[in-house]
Structure formats: C-alpha cells, structure tokens
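Below is one structure, written out as structure tokens; comments come after it.
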Amino acid sequence: MKLKAFQSYLRKEKIGLAILTDQDVNITYFTKVKPSFSYLFISPRSANLYLTKLDKKPKFKEITVKILDKDWKNKLNKNVKKIGLNYSSITMAYSKKLKKLFPKAKFVDISKQLMELRSTKTNEERKCITKACQITDFAFQELIKELPKKRLKTEQEVADFLERKIKSRGGELAFPTIVAMGKNAAVPHHLTSQQILKRGFLLLDFGAKYDYYCADMSRVLFLGTPNKEEIKMYNLLLEAQKGAIKQIEENKSFIELDKFARKQLGKYSSYFIHSLGHGLGLDIHEKPSYLKESNYKIKYGQAFTVEPGIYFPGKFGLRIEDTVIFDGKVNVLTKSNKELIKVKI
C-alpha cells in the first residue's frame, strides 16, 4: 500500500530510514500481513521486513523478508543520519533501544505522514471495507430474523449472536460489539452487559473486519410498540443522519457536516455529545477527523462514518451510523434498513 509514495516522502525529507516496530498497524498497511512480531525498515529505495522464525515467510515484490537471527543487528547500516519513527505507536522502551542501536542518528516523528497516507484509500482498500460492510449487514439481517423467536434474552446474547454471524462469513470483529437496552443506550460507549431485553429502544453498534479493514454501523430497534414521542425522536435523528449524508461533497469540511446535523436536531442538539463521525480503515478510528482543529476536507478515496446521536440520561439513547466512502460520489456501504424496526416481545 503506497510504499513508493512513502519512500518519495523519505527522499524529500532526507530521512535515510523509517523503522516500524512490533504491532504497529502500519506494518500491516505496507505488507498486508500481520506477523506475531516484526520490524519493518523502509529506506528511500528499499524495504526489509524482519520476522521471527515462528511466522510464515511471505513473498513480496518490493519488500525483502529477513529473519531475526542472533546477528541481525550487526548487519544493519549504523551510519544512517536521520531516522523516522512512528511516535504515535512506538513505546518509550523500543525508542530507547533504537537510539542505542543507531547512536549517531537524529530521530524524527513520521506519524503524521503515515496517518495522511492512510486517510485516502486505494481501490484494494475500498474493496476490503466494502466486504466488511456486507458482512456487517448480513449479521444485522440475521438478527432481525432471530429476535422475534425470543431465544435471545440479554444484551450479551444479542452481541454474541451478531459476532457469530460475522465470523460465519469470514469476518473478524472490528471492535467490541455494543448492545445497549433502554437507558443503557444513553451511554454512547456502554459496555454490553447481562441486562435483560425488555420494552424500549435497543441500540446496536458493531462492525466486521475483513482482510484487516473495518466496518462500523449503528442501528436502533424498538422492542414492543413505541409511542408517538419515541417515534418522533427517532425520526428526527434519522432525518438529520440522512440529511448529513446528502451534504457530502468534495472539499467540504467535515466540521460543516457536523454543524449541519446539529442544526437539524434543533433544540435537541445539546443531547448530541460526540462528533458526527470518524475515519476508519485498518483502525476503527483513524483520519480523516471531524474535529474542528483538524480542519479536514472531504477528498476522493476517504472512508468515514456519519453517526449523529442523541442521549437522554436515565431514559434512552439513539444513534444511527453508516460507513461511507467518497469516490467522486457518495457510497453508503452499510445498506441495512434505517427505518425504525419494531420487534414484538
């Protein structure tokens, strides 16, 4: 993924070597593998992946694979003058080890460049995210068929069901599944519990990961029969979410989308306590960002979520979320029904 573009950056900044360590997700970004332990050394003209003997040795066109044997450190070129490290990932312990290994080098932070590189997705990445979203939609459809059978009794049982369905289609979990019943949903990051299912809103926030790439979707069901006020609040949020998606266009700032959604919520905007969404890819939260200080604008190839929510402490919470890719037009990848689904209990 964009190895040559990154090497061009190294040449421009006169960085002789970039070192990615251990579980840094950027190793997977450049190699499409996830070793148990590794180093990736990228110079302006070459790249070497160092693995232990415990991992399968992959084959690459542009990356040389080497084994972390007893003498690997002695074979390194110690005369590099400028080395880039991903300060957002590397631990202080690893940083100290590398500085001892390259005592003559000046160390610089390359984390911002790595985040920027990953903020727009290649066609291959977009395909992986699309597949992750398809698996996520499948799990949701299976849950809609299962709930009326009344075999799922708790938040945790609903989460377990969704996760089984994701795995049955070759997916992994993008993040811990959130299932929140009633007043639990007023906490956006509620920890799924043994709460019994009962009448009220049931919030689901979950996503599959496929070939290392994440999907993210939130839907709200109603167990039982909602009253007029509950329907009104749900429809208000739904129209704000749909409206924000319609506002997506190239070069518009993400903060503009956020402001639009809040305006649509009117007097209830104060109950919308988080940003409108986030970028996603190898990580469930990555660039682009909706935060005002980041000032990101919508660009070709970005993948991000649109997820307004309103939360009434002690009562209920609502959040509707889709994963979107902008590739000249708006592609909503999570296609599950967003109209309020009512489940008999």
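How much of the DSSP beta bridge set in the chain is antiparallel, as a percent to the nearest 5? It would help to have the intermediate numbers written out before the result.
Numbers: 41 of 55 bridges.
Once the DSSP bridges in the chain are tallied, antiparallel ones form about 75 percent.
From the cross-link list LYS73/LYS131; LYS198/LYS292; LYS127/LYS150; LYS66/LYS104, which pairs have alpha carbons spaced over 29 Å apart?
Working: LYS73/LYS131 40 Å; LYS198/LYS292 39 Å; LYS127/LYS150 36 Å; LYS66/LYS104 24 Å.
Table pairs above 29 Å Cα-Cα are LYS73/LYS131; LYS198/LYS292; LYS127/LYS150.
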**Prompt:** What are the ³J(HN,Hα) values, in whole Hz, obtained from phi via the Karplus relation 6.51 cos²θ - 1.76 cosθ + 1.60 with θ = phi - 60°, for each residue of the range 103-111 in sequence order, with x given for Gly and Pro?
**Reply:** x, 8, 8, 8, 9, 10, 8, 10, 4
**Prompt:** So, by mean Cβ neighbours within 10 angstrom, what's the order for 133-139, 10-16 with the highest one leading?
**Reply:** 133-139, 10-16
**In degrees, nearest ten, helix 254-265 long axis to first principal axis of the chain (Cα)** = 10 degrees
**Request:** Rank CYS128, ASN48, VAL158 by how far each Cα sits towards the positive end of the charge dipole of the chain (+1 on Lys, Arg Cβ; -1 on Asp, Glu Cβ) and give me just the farthest.
**Result:** ASN48
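Where does the charge balance sit around PHE30 when Lys and Arg score +1, Asp and Glu -1, over other residues with C-beta under 11 Å from its C-beta? Write down the numbers at each step before the final one.
Numbers: positive: LYS2, LYS4, LYS32, ARG118; negative: ASP24, GLU62.
Within the 11 Å Cβ shell, the charges total +2.
Calculate the dipole size of the range 1-78 relative to its Cα centre from +1 charges on Lys and Arg beta carbons and -1 charges on Asp and Glu beta carbons; express the result in debye to the nearest 20.
Charge dipole, the range 1-78, about its Cα centre: 300 debye, nearest 20.
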**Prompt:** With each label point set 7 Å from Cα along the Cα-Cβ vector, what nm distance links LYS34 and GLN141?
**Reply:** 2.6 nm
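Using the Cα centre as the reference, give the magnitude of the dipole from point charges on the C-beta atoms of the chain (Lys, Arg: +1; Asp, Glu: -1; all else neutral), rounded to the nearest 20 debye.
Working: 66 positive and 37 negative charges, 226 e Å.
Rounded to the nearest 20 debye, it is 1080 debye.
What FRET efficiency do you get for LYS259 and GLU239 if R0 is 22 Å and r is their Cβ-Cβ distance, rounded to the nearest 0.05?
Working: r = 16 Å, r/R0 = 0.72.
Efficiency computed from Cβ-Cβ geometry: 0.90.
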**Prompt:** Quick one: putting +1 on the C-beta of Lys and Arg, -1 on the C-beta of Asp and Glu, what dipole do you get for the range 247-336 around its Cα centre, in Debye to the nearest 20?
**Reply:** 380 debye
**Fill in**
Quick shape check on the range 3-117: root eigenvalues a ≥ b ≥ c of the Cα gyration tensor, a/c under 1.5 is rounded, otherwise prolate if a/b tops b/c, else oblate, and it reads rounded
**Item:** Farthest positive-ward along the chain dipole, Cα basis, beta-carbon charges - from ASN74, LEU17, VAL179
**Value:** ASN74
**Request:** Match the structure shown to one of the listed values (1) 0.95; (2) 1.04; (3) 1.01 of Rg/Rh (Cα atoms, Kirkwood Rh), computed from it, and give that label.
**Result:** (2)
**Prompt:** Nearest 10 degrees, 0 to 90: what angle lies between the long axis of helix 92-101 and the longest principal axis of the chain (Cα atoms)?
**Reply:** 20 degrees
**Message:** Between LYS78 and ASP22, what is the label-point separation in nm under the 7 Å Cα-to-beta-carbon projection?
**Reply:** 2.4 nm
**Request:** Compare the Cα positions of ASN337, MET217, GLY200 along the charge dipole of the chain (+1 at Cβ of Lys, Arg; -1 at Cβ of Asp, Glu; about the Cα centre) and return the one farthest towards the positive end.
**Result:** MET217
**Fill in**
Per residue, the convex hull enclosing the Cα atoms of the range 198-312 spans a volume in Å³ of 111 Å³
**Item:** Folded to 0 to 90 degrees: helix 228-246 orientation relative to the chain principal axis, Cα
**Value:** 40 degrees
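What number, rounded to the nearest 500 deg cm²/dmol, is the helix-based mean residue ellipticity at 222 nm of the chain, given -39500 (n - 2.57) per DSSP H run of at least four residues and division by all its residues? Kindly include the intermediate steps, with their values, before the conclusion.
Numbers: 8 runs with 105 residues, N = 345.
Taken over the chain, the calculation gives -9500 deg cm²/dmol.
Throughout, read-outs are computed from the coordinates displayed, never taken from laboratory work. Since we're looking at a predicted model, the values are computed, not measured. Neighbour counts run over all protein chains shown; Cβ positions are idealised from the backbone, glycine included.
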